[in-house]
Amino acid sequence: MSIDMSQFLQTFYEESFEGLDVMESELLNLDAGAADTEVVNTIFRAAHSIKGGSATFGLDNVATFTHVLETLLDEMRDGKRQVTPEAVNLLLQSVDCLRGMLSSNRDDEVFDQQNADRLRQQLEALLGAPRVGALEASDAIPIPVAEIAAEAGVPTSATGGWHIIFRPHEHLFLTGNDPVRILRELESLGELVTHVDCSKLPDFSGMDPEKSYLGWEMDLMAAIDRRIVEEVFAWTDGDCDLEITPIQDASQQCPPVEDRRKEDRRAGEDRRKGDRRASASSAADTASIRVGIDKVDSVINLVGELVITQSMLGTLGEGFDMSKIHQLVEGLSQLERNTRELQEQVMQMRMLPISFTFSRIPRMVHDLSQKLGKKVELKLSGEQTELDKTVIEKIGDPLVHLVRNSLDHGLETPQERIAAGKPEVGTLWLSAYHKGGNIIIEVKDDGHGLNADRILAKAVERELVAPDAQLTPEQINELILLPGFSTAQEVSDVSGRGVGMDVVRRNIQSLGGSIEISSQPGAGSTFTVRLPLTLAILDGQSVAVGEEVYIVPLVSIIESIQIKPEMINRVAGKGETFKLRDEYVPIIRLYEIFGANAHATELVDGLLVVVEGDGHKIGLFVDDLLGQQQVVIKSLETNYQRVNGISGATILGNGAVALILDVPSLIRLANHGTTVRQLKLSA
Amino acid sequence: MAGTKVSKKTTSAGARKPRSAIINCEESLDITVAGDIHGKLSKALEEKRPVIIDTAKVKRTDAAILQLLCAFSQAANHAKTGFQWRKPSEEFMAAAKRLDLTALLELPVQGIQGKDS
């Protein structure tokens with residue numbers, strides 16, 4: 001029976017990307033010069049897994065590149081090569097390169113092989129450099145290779161090469177190893193002369209096609225280190241008989257490699273029998289999601305209870321009479337409880353820890369702080385705070401921008417900090433926690449804070465505020481969220497173009513969230529992002545417009561008022577407005593926008609729901625308020641088509657469909673003066 | 001049966017020449033199909049049918065398959081049923097050469113570039 005290997009390929013890619021995340025995370029934790037062996041080991045194991053898996057699936061470019069990476073890491077974990085900042089940076093670049101390779105292989109796209117070749121050359125150059133404890137050439141006393149070998153007990157290759165006897169055990173194939181691939185890798189090291197031994201090949205009729213019966217004896221003509229040859233067979237440890245002897249020093253053979261390996265195991269140095277798969281935590285993947293078995297069991301349990309309740313109600317329905325009304329009410333109440341619990345559990349399945357979003361930040365802070373010449377300590381907290389998978393995917397870019405802004409504009413250089421009496425190293429806090437049904441994410445720095453005077457001056461210069469406007473410090477801070485606003489003296493490729501913060505706010509608002517800024521001059525700034533825990537459910541205010549019901553997101557509502565005639569103004573070219581305290585707010589008649597038959601067409605006969613979006617307020621004219629409720633959002637785009645002014649739909653308790661309003665879109669619609677029907681045709 | 005024409009090939013000795021069993025190999029010829037290939041080749045041996053192995057499409061193969069075909073080669077020669085290769089792909093031949101199995105498999109030597117499989 002043939003097996004479709006492609007189903008495993010997807011898993012390989014997922015695990016490899018997880019492994020790369022582990023490598024990156026641990027590389028950032030490495031202390032150059034005093035590296036933790038266990039950390040290096042973790043990085044090595046991740047690379048080792050990627051190499052083996054990519055070779056299994058025939059991704060030769062990945063396997064070959066990872067092989068060099070792995071050799072360097074192996075020397076580092078053995079203490080034979082120092083962990084220098086340059087080596088760490090090179091390894092980080094290599095991780096990026098591997099990500100690109102895997103992505104291009106997965107998506108069948110062209111990859112920049114030149115960059116990979118360049119990195120590989122740099123890695124090989126690093127491998128070619130003297131190791132820790134190597135003698136300077138001028139200090140070296142020439143010692144015959146044979147003497148060194150005898151003294152160390154380890155044969156090394158001089159100019160000849162290696163004689164290799166490779167006899168796989170019968171079960172080798174079942175471990176995923178393939179001699180074709182192994183010998184191909186040996187060929188890449190030098191000229192290889194191979195002789196097969198098929199003395200153990202049984203009769204065709206009696207053989208098991210999945211067992212290995214062949215062996216090979218090879219001469220590898222390459223002046224390379226023995227470890228490089230051993231590494232080729234790393235995955236076959238315990239699954240073959242292997243002898244590697246130098247061709248020139250055949251007379252001084254040390255004990256066969258297999259015996260030496262047994263000694264290594266006794267000495268507790270057998271690392272290759274450790275984890276063969278990266279044991280990283282799951283990564284957020286737009287194509288799939290990993291769910292803990294406990295969550296799945298909980299859902300299965302709840303479905304079971306739902307079935308029982310449904311069965312009970314079904315039995316009750318047969319021959320129902322009014323004497324059983326209490327049982328019916330009880331049954332419906334039970335059904336409601338089951339459904340709510342099931343809904344909560346299913347929503348929990350989509351919840352992922354925010355660490356998936358935070359994981360990008362340490363690397364970015366590391367690279368950016370080096371680029372900007374700043375010293376920064378990043379402190380993370382609340383990484384295990386869970387939120388909806390979709391929110392996690394979409395909050396990443398805004399968070400990255402906030403962190404970049406803090407690094408570029410908030411935190412000072414070491415010299416500036418010392419001059420200000422601060423520690424040389426700046427601190428950036430990134431934290432997340434639950435509060436009141438929302439998730440709060442804070443980006444806080446101890447930099448020089450926002451310069452309120454400069455912000456206000458720039459806002460006046462750009463006519464965003466009146467010169468005599470009296471603004472609170474918080475209102476001044478929020479000016480930086482306006483489009484095109486930037487007080488940066490220079491535009492760097494990091495930030496300063498003024499196109500970031502307004503996009504950040506818009507992205508956060510599109511998630512149903514909000515952003516607040518607080519700052520203290522000289523002490524630092526805090527950006528607080530508030531997000532709903534899930535995008536699938538919305539807290540909404542249902543409103544009636546004629547016979548239609550619409551849902552207004554609660555997060556957008558400021559207040560609801562009954563309008564009085566003296567509050568209404570009509571402005572030529574701008575339609576109707578009403579005076580809300582000290583500002584004039586445009587009125588949007590929803591029945592006009594959506595072409596509904598409203599019961600109230602006079603403003604005084606209905607209600608105004610004042611909402612805010614994109615920094616603008618409008619008043620939505622409706623017939624009546626119906627109530628607040630949680631609604632499940634159904635995509636209109638998926639089930640029908642995209643409609644401007646509408647962000648989705650929901651099904652009410654009576655089975656009717658209610659459309660969920662898209663407040664920012666309505667504001668834009670109102671400014672254009674078109675109806676939804678007109679725009680729908682062009683959507 | 002009356003009216004039924006049967007075309008048959010005959011050898012010079014007058015005996016009916018058995019029809020060849022053609023094994024068409026797909027792009028990936030590896031351990032995942034080894035059991036299937038073993039079955040087909042075994043059947044051909046039992047029926048004493050010469051085998052034609054078409055590896056023109058093969059882009060990827062492994063030691064398990066090559067080993068299997070070596071054993072079959074020996075069995076076919078011993079049983080004198082014979083077998084032949086039809087358009088062995090470069091990748092297939094390169095893999096066989098890598099494992100030093102070209103001679104055992106009786107593959108043509110010419111045209112092997114040592115290309116990766």
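The values are calculated or read from the model by the stated rules, or taken from the named source; none is laboratory data. The structure presented is a predicted model; accordingly, all values stated were derived computationally and were not measured. Neighbour counts are summed over all protein chains in view; Cβ atoms, including those assigned to glycine, are modelled from backbone coordinates with ideal geometry. Just so you know, the surface numbers come from the protein's heavy atoms only, side chains and all, with ligands and any DNA or RNA stripped out. Shrake-Rupley method; radii C 1.70, N 1.55, O 1.52, S 1.80 Å.
Hey, could you check region B:28-52 for residues that are at pLDDT below 90 and in contact with a Lys or Arg (Cβ under 9 Å, 6 or more places away or on another chain) and say which is surrounded by the most Cβ atoms within 10 Å (Cβ to Cβ)?
Checking each candidate, the answer is B:30.
Every residue in region A:505-520 that is closer than 18 Å to residue A:554 by Cβ, assigned to a strand (DSSP E or B) and among the β-branched types (Val, Ile, Thr), please.
A:515 - this is the single residue of region A:505-520 that is closer than 18 Å to residue A:554 by Cβ, assigned to a strand (DSSP E or B) and among the β-branched types (Val, Ile, Thr).
Yes/no per residue for (1) touching a Gly at 6+ places or on another chain (Cβ under 7 Å); (2) modelled with pLDDT of 80 or more:
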| position | (1), (2) |
| --- | --- |
| A:424 | no, yes |
| A:433 | yes, yes |
| A:457 | no, yes |
| A:461 | no, yes |
| A:481 | no, yes |
| A:486 | yes, no |
| A:491 | no, no |
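Considering every residue within region A:9-24, establish whether at least one is within 14 Å of another protein chain (Cβ to nearest Cβ) and either of a type in the set (A, V, I, L, M, F, W, C) or over 25 Å from residue A:117 (Cβ atoms) (or both).
yes
Please go through region B:61-110 and pick out each residue that is at positive phi and either open to solvent by less than 10 Å² (accessible area, probe 1.4 Å) or charged (D, E, K, R) (or both).
Result: B:80, B:87, B:100, B:106.
Filter region A:643-657 for residues that are within 34 Å of the chain's Cα centre (by Cα) and part of a strand (DSSP E or B) and give the result. Full working, then the answer.
So the first thing to find is which residues in region A:643-657 are within 34 Å of the chain's Cα centre (by Cα), and the list is A:643-651.
Within region A:643-657, A:646, A:647, A:648, A:649, A:650, A:651 qualify.
Looking only at residues that are outside any helix (DSSP H, G or I) and open to solvent by less than 50 Å² (accessible area, probe 1.4 Å) in region A:164-179, which one is nearest to residue A:225 (Cα to Cα)?
Filtering region A:164-179 for residues that are outside any helix (DSSP H, G or I) and open to solvent by less than 50 Å² (accessible area, probe 1.4 Å), the one nearest to residue A:225 (Cα to Cα) comes out as A:164.
Just give me the residues in region A:405-429 being open to solvent by 10 Å² or more (accessible area, probe 1.4 Å) and within 20 Å of residue A:382 (Cα to Cα), in sequence order.
Scanning region A:405-429 gives A:427, A:429.
If I go through region A:185-212 residue by residue, how many of them are open to solvent by less than 30 Å² (accessible area, probe 1.4 Å), outside any strand (DSSP E or B) and either facing another protein chain (nearest Cβ under 7 Å) or under 18 Å from residue A:173 (Cα atoms) (or both)?
Final tally of qualifying residues: 5.
Quick check on my filter: what residues within region A:64-108 are over 18 Å from residue A:24 (Cα atoms) and assigned to a helix (DSSP H, G or I)?
If the condition is that a residue be over 18 Å from residue A:24 (Cα atoms) and assigned to a helix (DSSP H, G or I), then A:64, A:75, A:104, A:105, A:106, A:107 are the ones that fit.
Pick from A:49, A:94: which is modelled with pLDDT of 85 or more, open to solvent by 10 Å² or more (accessible area, probe 1.4 Å) and more than 14 Å from chain B (Cβ to nearest Cβ)?
A:49
Looking for whichever is of a type outside the set (S, T, N, Q), closer than 13 Å to residue A:549 by Cβ and modelled with pLDDT under 90 here; the options are A:658, A:649. Which one fits?
Step by step, each of A:658, A:649 is checked, and only A:649 is of a type outside the set (S, T, N, Q), closer than 13 Å to residue A:549 by Cβ and modelled with pLDDT under 90.
Which of the residues that make up region A:452-472 are under 23 Å from residue A:524 (Cα atoms), of a type outside the set (Gly, Ala, Ser) and exposed (fewer than 15 other Cβ atoms within 10 Å of the Cβ)?
A:453, A:454, A:472
Quick check: anything in region B:64-81 assigned to a helix (DSSP H, G or I), away from every other protein chain (no Cβ under 11 Å) and touching a strand residue (DSSP E or B) at 6+ places or on another chain (Cβ under 9 Å)?
No - not one qualifying residue is present in region B:64-81.
Applying the selection to region B:29-44, what residues are out of contact with any strand residue (DSSP E or B) (no Cβ under 8 Å at 6 or more places or on another chain) and not hydroxyl-bearing (Ser, Thr, Tyr)?
Scanning region B:29-44 gives B:31, B:33, B:34, B:35, B:36, B:38, B:39.
Take residue A:107 and tell me if it is surrounded by 14 or more Cβ atoms within 10 Å (Cβ to Cβ) and more than 20 Å from residue A:369 (Cα to Cα).
It is false that residue A:107 is surrounded by 14 or more Cβ atoms within 10 Å (Cβ to Cβ) and more than 20 Å from residue A:369 (Cα to Cα).
Scanning region B:82-102 for residues that are among the basic types (Lys, Arg) and assigned to a helix (DSSP H, G or I), which turns out farthest from the other protein chains (Cβ to nearest Cβ)?
B:97
Looking at region A:78-93, I want the residues that are among the small types (Gly, Ala, Ser) and have a partner that is at pLDDT below 90 and open to solvent by 40 Å² or more (accessible area, probe 1.4 Å) with Cβ atoms under 9 Å, at least 6 apart or on another chain. Which pairs are those?
Final answer for the pair search is A:79/A:37; A:79/A:132; A:87/A:32; A:87/A:126.
With a cut-off of at least 1 residues that are touching a Lys or Arg at 6+ places or on another chain (Cβ under 9 Å) and open to solvent by 60 Å² or more (accessible area, probe 1.4 Å), name the strands (runs of 3 or more DSSP E) lying wholly within region A:549-616.
Once the strands (runs of 3 or more DSSP E) in region A:549-616 are filtered for at least 1 residues that are touching a Lys or Arg at 6+ places or on another chain (Cβ under 9 Å) and open to solvent by 60 Å² or more (accessible area, probe 1.4 Å), what remains is A:557-561, A:583-589.
For region A:213-228, give me the residue count where each residue is in a loop (DSSP other than H, G, I, E, B) and at the interface with another protein chain (Cβ under 9 Å from one of its Cβ atoms).
2
Kindly evaluate residue B:44 against the criterion of being closer than 24 Å to residue B:100 by Cβ and either facing another protein chain (nearest Cβ under 9 Å) or small (Gly, Ala, Ser) (or both).
Considered against the rule, which asks whether it is closer than 24 Å to residue B:100 by Cβ and either facing another protein chain (nearest Cβ under 9 Å) or small (Gly, Ala, Ser) (or both), residue B:44 comes out as no.
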